[in-house]
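Asker: Here it is, the structure, as structure tokens.
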Amino acid sequence: GSALCGRALGTPVVPFAVPVLDRQGKVAAVAFVTLNLEDLSKSVANSVLPLDSRVAIMDRKGNVLAVGPGKAELIGKPATIPLLRDAVGAMRTGVAEAPDSNGEQRIFAFLPVGDPADAAFFVTVSANRKEARGPGQTQLVRWLVGAYLREFLGGPDPVRVAGEPGRQPPQSAQRAAP
């Protein structure tokens, strides 16, 4: 669903509805639930992330539903970063470098939540490229961002997202870690 203002509490929500089928496979009822975006934003704002990193949750149209830490002014607005607009449009999973809306180079990891064909949400985690000084540290940041996506959202294996085989951070990243 897309975000709207909930009637009961007057807060921004994303509604979901699914049919409940009877034994004959006919619709007997509709189960309906809403996701409170203020609660989602609080969860995202309290995320433990590497230094100068951000997480954003968008709807399938690329509208920001939650972001943290900071940047609350982006909530309800379309993603402005071309890389993310393209990734949401294609419901693509990946890791890439691109400038953010302020022109700062960042490393982004992104994925649709669930099956890309019907995913309601798209999540991205980014880290400031300046914080990843060398190739090993860049790989470590990529691995950490991928690990966040996997642990917080049940996404794909972080090492596969970061483009490295195995279950641990790449050796070059382990050597570069402080």
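The values are calculated or read from the model by the stated rules, or taken from the named source; none is laboratory data. The model shown is predicted, which means the values in this text are computed figures rather than measured ones. Quick reminder, even Gly has a Cβ in these numbers, built from the backbone with ideal geometry, and neighbours come from all protein chains shown. Note: areas computed on protein heavy atoms with side chains; ligands, DNA, RNA excluded. Shrake-Rupley method; radii C 1.70, N 1.55, O 1.52, S 1.80 Å.
Asker: Can you give the accessible area per residue of segment 73-127, in Å², using a 1.4 Å probe?
Answerer: 44
Asker: For segment 116-122, what does the Karplus curve 6.51 cos²θ - 1.76 cosθ + 1.60, with θ = phi - 60°, yield as ³J(HN,Hα) per residue in whole Hz, taken in order and with x for Gly and Pro?
Answerer: x, 5, 9, 5, 7, 10, 9
Asker: Placing unit charges on C-beta atoms (Lys and Arg positive, Asp and Glu negative, everything else neutral), compute the dipole magnitude of segment 1-125 about its Cα centre in debye, rounded to 20.
Answerer: Charge dipole of segment 1-125: 320 debye, to the nearest 20.
Asker: Follow-up question, since we're still on this one. Once a ≥ b ≥ c are taken as the square roots of the eigenvalues of the Cα gyration tensor of segment 1-135, is the result rounded (a/c under 1.5), prolate (a/b larger than b/c) or oblate (a/b not larger than b/c)?
Answerer: prolate
Asker: Can you work out the Karplus-derived ³J(HN,Hα) for every residue in segment 94-100? Use 6.51 cos²θ - 1.76 cosθ + 1.60 with θ = phi - 60°, whole Hz, and x for glycine or proline.
Answerer: x, 9, 7, 9, 6, x, 7
Asker: If the reach is capped at under 28 angstrom between alpha carbons, list the lysines near residue 42, excluding any in the same chain fewer than eight residues apart.
Answerer: Leaving aside lysines fewer than 8 places away in the same chain, those within reach of residue 42 are 61, 71, 77, 130.
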